[in-house]
Amino acid sequence: MPRDHSSGFFCPRRSSVPRMMNADMDAVDAENQVELEEKTRLINQVLELQHTLEDLSARVDAVKEENLKLKSENQVLGQYIENLMSASSVFQTTDTKSKRK
């Protein structure tokens, strides 16, 4: 058996490694490659979902801002209509007893 003379440990030559071990290593390498591809796919999916979430969050913020603007405009318009109605004689309440006399 060949030995690594510097350390005293057994050091097999590559040719002495059985072919079955090479096949096992190839299977492990293929399995690792599949795992790596799956991890890469999942990472890309997570990144895509993060970007989608950021886009949706920005859209929600924009809609909230627009909603506040529209509420403010509605309050102004409501006050304006109320003022017009109070100034118009058409919408004034009438005293029915005084008109009957």
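Since every read-out is calculated from the coordinates, none of them should be taken as a lab result. None of the values given here were measured: they were computed from a predicted structure.
For this structure, a couple of remarks:
- Partner aspartates and glutamates for LYS69 [C-alpha distance under 17 Å; skip if fewer than 8 residues away on the same chain]: ASP61
- P(r) tail for the range 38-93: Cα pairs beyond 14 Å make up 73% of the total.
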